Amino acid sequence: MSRALQETVIPLEGDLPFSPGGERYKQLLDRILEFAPANRRIFVTSPGNGDGKTVTAANLALALRARQSSVLLVELAFERPKLAAVFGSPPSRLGVDSVLAGRCSLEKIVCRRNDNGLNLAMAGPARSDVDLAIFGKPFQNMLEMAKKRYDWTIFDGPSVEASDQVEEFARNIGFTLLVVRKRSSLKLLRRALRTLDGAIDTVILNNR
Amino acid sequence: MYPSLTARVLSSLRFRWKLALCGLLLGGTGFFFASRYLARCFQSSVVIGFPVVGGSESKAVLSSVDQGPAVEGLVQRYEPEPVAISHLGTWGRRASLRAQLSFEPIETTVPNSVALRIVAKEKTPEAANALAIAVGQAVLDQAESRLMPTHSPAASTSSAQPAPPPSTSTPSSSPPPAAAPVTAPDPSSPPPLRKTVTWKAAPESAEVAATRRQLRDQLVQEQDRKSRLQDDLAALNAMPKIQVPHPASSPSNEAALKSQLNTANNSLINLENRYTNLHPDVIAAKRRVADLQSALEEAIVKNAAIAKQDAANQSKVAEAQARLTRESTLQRQIAQLDAQIARDTAELDKLGQGKKTWIQVIHYSPAEPPVASQPAGSPRPVPAAAATPAPAPVSSPAPAPRPGAALQPDEQPVTLTATSPVPAMFLAQPVLGALSLLFGLLLAAVMVWLAELLSRSVKDAESLEAELPYGVHYLGEIPRMTP
């Protein structure tokens with residue numbers, strides 16, 4: 001199997017009861033729940049690209065789903081969307097960016113997986129022209145809608161290295177989880193901590 | 001700190017395997033080639049032959065002359081001598097010698113005899129040769145004392161120093177002088193034997209001898225030819241010199257005179273058509289024509305004389321040129337012969353300086369009665385007969401042994417054969433390879449360790465937690481999962 005293909009295949013064990021990965025994600029979820037995230041929203045980000053945000057967000061969503069909670073996994077990495085590669089392409093071409101632009105509502109882009117019951121709101125095609133205008137009323141409407149319809153909403157955000165809007169996402173969403181990959185650069189970590197000063201709640205180390 | 005660092009290095013090999021591989025290859029190959037360069041040395045060997053006396057006694061001696069006692073004997077015996085080991089301390093000297101020396105019993109073609117080969121390695125050919133012969137001498141002395149307990153070196157009289165090597169020998173192949181003590185014999189002991197030690201060059205191989213003979217014949221022929229050529233040249237130089245005459249005066253211009261005469265005749269004809277013969281112009285023209293005719297006749301005569309002179313000179317010039325050509329040819333041939341003679345001489349010298357074998361022959365013969373007037377402990381004068389040692393037939397077969405008897409005078413002598421040193425290595429190739437691999441692994445580990453020490457990355461949970469500001473909680477570590 002080629003390296004590129006290997007990187008697109010993300011191990012999903014968060015809902016498995018007897019796998020080491022599944023057990024570990026359940027333990028992490030317990031720790032997160034101890035902090036009682038506000039509005040039952042978790043924003044996952046990282047200092048650099050490829051640190052494991054998507055795998056962490058997906059596995060936490062699966063762990064929550066294993067507890068019979070309804071979970072919405074929202075993808076906010078507009079420049080490097082990956083959920084479609086993990087869970088398959090959505091039936092609609094519209095994505096979260098369309099919702100934030102006010103072109104459609106959240107219900108129109110959410111699709112549900114029959115195998116694991118996850119509700120997915122994917123980012124749509126990759127684009128780099130996302131600006132701060134997304135933090136307007138449509139964004140607040142999306143947060144309210146997600147809170148109203150689902151028990152938990154997990155946001156798979158962009159990395160601090162790739163986007164300037166991470167801080168805004170973190171402050172708007174609430175509870176922020178920073179995923180740090182083992183052997184990643186200390187310089188990137190310090191930059192992320194400076195950027196998200198006061199907006200980070202928890203940190204996990206991803207030993208990939 | 002160190003165990004955790006070691007564990008971190010081992011765990012980081014997964015990420016730094018390229019660096020480790022680079023260190024392994026770089027360190028291994030570098031060490032290998034550097035060691036190969038530094039381990040270059042020269043190897044010299046000596047072979048000691050013993051007659052079989054008293055059944056298996058000689059073999060027992062050989063088996064007892066192992067590395068240790070020989071080295072001990074060498075250290076004790078040659079410590080004050082300026083041999084190659086003098087710069088070492090006692091322990092280090094022994095260890096170094098044990099690494100430099102090897103002992104190997106070998107098969108002999110001489111019946112009823114056994115032999116031991118001693119191989120010594122040193123950085124220079126001279127040192128290797130000196131070490132090999134010194135060790136051989138030590139072993140020889142030890143074996144002598146075991147074979148002939150009643151004629152130990154202390155009791156025997158060393159009557160001769162080793163003969164100086166022939167004038168053709170090189171310093172690297174000349175044996176060192178022996179330093180045997182000379183003491184007065186004990187009257188109560190059995191009649192002492194006189195020990196005669198001589199060195200002789202081993203006969204050359206047939207191939208070398210044939211080459212040397214051919215070169216010598218060639219040299220003689222070339223010298224003869226050169227002397228003949230030199231005689232020819234001397235004879236040529238002794239011949240009277242050829243006087244080449246100066247070239248004659250330049251020939252007169254006959255053609256110009258003829259054309260001037262024609263012109264004068266034409267003008268005379270024109271004048272005669274217009275005037276009478278008494279006209280001054282006609283008279284002048286006739287005079288001019290006559291002058292030109294006489295000048296032309298003189299020129300013709302002069303040119304003929306010059307041509308005759310040139311013909312006579314040409315043969316002398318050709319003769320002189322032939323002599324010059326012959327002289328230069330002789331000189332060139334002599335120069336070529338000189339070069340050829342120099343090449344052949346150098347080749348002959350090289351043949352002489354090549355691998356040469358020296359044989360030390362030790363004879364025992366009944367000693368002369370001790371001089372009563374000489375004080376005990378003082379050195380006894382060397383007998384005159386010892387200065388000319390008896391020739392020893394090294395390659396002749398030994399006489400049949402007499403079981404139980406000690407070595408008797410004029411029996412098959414103990415021989416020590418030394419050969420010129422050859423290039424070798426202190427360490428064998430497989431040992432070098434193993435050491436190189438070890439060094440490569442060590443370097444790889446050090447490189448990974450250094451890279452890990454200097455790395456500015458999130459190495460573990462502790463380093464991550466150290467960076468977190470107050471209020472940010474570390475939840476834990478996600479294990480490695482394979483998709």
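The values are calculated or read from the model by the stated rules, or taken from the named source; none is laboratory data. No experiment lies behind these values; they were computed from the predicted model shown. Neighbour counts are summed over all protein chains in view; Cβ atoms, including those assigned to glycine, are modelled from backbone coordinates with ideal geometry.
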Pairs with Cβ under 7 Å, 6+ apart, first in segment B:6-35 and modelled with pLDDT under 85, second of a type in the set (Val, Ile, Thr) and in a helix (DSSP H, G or I): B:Val9/B:Val448; B:Ser12/B:Val448; B:Leu13/B:Val448; B:Arg16/B:Val448
message: Regarding segment B:334-348, can at least one residue be identified that is surrounded by 12 or more Cβ atoms within 10 Å (Cβ to Cβ), modelled with pLDDT under 85 and assigned to a helix (DSSP H, G or I)?
response: yes
query: Going by the conditions given, is A:Lys137 more than 17 Å from the chain's Cα centre (by Cα), of a type outside the set (Asp, Glu) and surrounded by fewer than 17 Cβ atoms within 10 Å (Cβ to Cβ)?
result: yes
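Table: residues versus (1) within 14 Å of another protein chain (Cβ to nearest Cβ); (2) part of a strand (DSSP E or B); (3) more than 30 Å from B:Thr29 (Cβ to Cβ).
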| site | (1), (2), (3) |
| --- | --- |
| B:Ala424 | no, yes, no |
| B:Val431 | no, no, no |
| B:Leu438 | no, no, no |
| B:Ala445 | no, no, no |
| B:Trp449 | no, no, no |
| B:Pro469 | yes, no, yes |
| B:Glu477 | yes, yes, yes |
| B:Arg480 | yes, no, yes |
task: Scan B:Gln293, B:Gln314, B:Gln243, B:Gln260 and give me the residue that is part of a loop (DSSP other than H, G, I, E, B) and not basic (Lys, Arg).
output: B:Gln243
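Mind checking which residues of segment B:307-335 are small (Gly, Ala, Ser) and more than 30 Å from B:Glu222 (Cβ to Cβ)?
If the condition is that a residue be small (Gly, Ala, Ser) and more than 30 Å from B:Glu222 (Cβ to Cβ), then B:Ala307, B:Ala311, B:Ala312, B:Ser315, B:Ala318, B:Ala320 are the ones that fit.
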field: segment B:204-216, subset surrounded by 11 or more Cβ atoms within 10 Å (Cβ to Cβ) and either free of Cβ contacts under 8 Å to residues at least 60 places away in the same chain or of a type in the set (D, E, K, R) (or both), residue nearest to B:Ile334 (Cα to Cα)
entry: B:Arg216
message: Looking at segment B:451-462 only, could you name the residues that are surrounded by 15 or more Cβ atoms within 10 Å (Cβ to Cβ) and within 11 Å of another protein chain (Cβ to nearest Cβ)?
response: B:Glu452, B:Ser455, B:Ser457, B:Val458, B:Lys459, B:Asp460, B:Ala461
- prompt: Is it true that B:Ile300 is touching a residue at least 40 places away in the same chain (Cβ under 8 Å), β-branched (Val, Ile, Thr) and over 26 Å from B:Ser328 (Cβ atoms)?
  reply: yes
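Please count how many residues of segment A:30-56 are in a helix (DSSP H, G or I) and either surrounded by fewer than 20 Cβ atoms within 10 Å (Cβ to Cβ) or within 10 Å of chain B (Cβ to nearest Cβ) (or both). Can you show your working first?
Restricting attention to segment A:30-56, the residues satisfying the condition of being in a helix (DSSP H, G or I) are A:30-34, A:38-40, A:53-56.
Then keep just the ones that are either surrounded by fewer than 20 Cβ atoms within 10 Å (Cβ to Cβ) or within 10 Å of chain B (Cβ to nearest Cβ) (or both); that gives A:30-34, A:38-40, A:55-56.
Looking only at that region, the number is 10.
So, in segment B:271-283, exactly how many residues are surrounded by 13 or more Cβ atoms within 10 Å (Cβ to Cβ) and assigned to a helix (DSSP H, G or I)?
So the answer is 5.
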task: Name the one entry in B:Asn303, B:Asn313 that is within 30 Å of B:Asn237 (Cα to Cα) and surrounded by 14 or more Cβ atoms within 10 Å (Cβ to Cβ).
output: B:Asn313
message: Just checking, does segment A:76-96 include any residue being among the acidic types (Asp, Glu), closer than 21 Å to A:Asp151 by Cα, assigned to a loop (DSSP other than H, G, I, E, B) and modelled with pLDDT under 85?
response: no
- prompt: Can you tell me which residues in segment A:164-200 are crowded, with 21+ Cβ neighbours inside 10 Å, under 15 Å from the mean Cα position of the chain (by Cα) and more than 7 Å from chain B (Cβ to nearest Cβ)?
  reply: A:Val166, A:Phe169, A:Ala170, A:Ile173, A:Phe175, A:Thr176, A:Leu177, A:Leu178, A:Val179
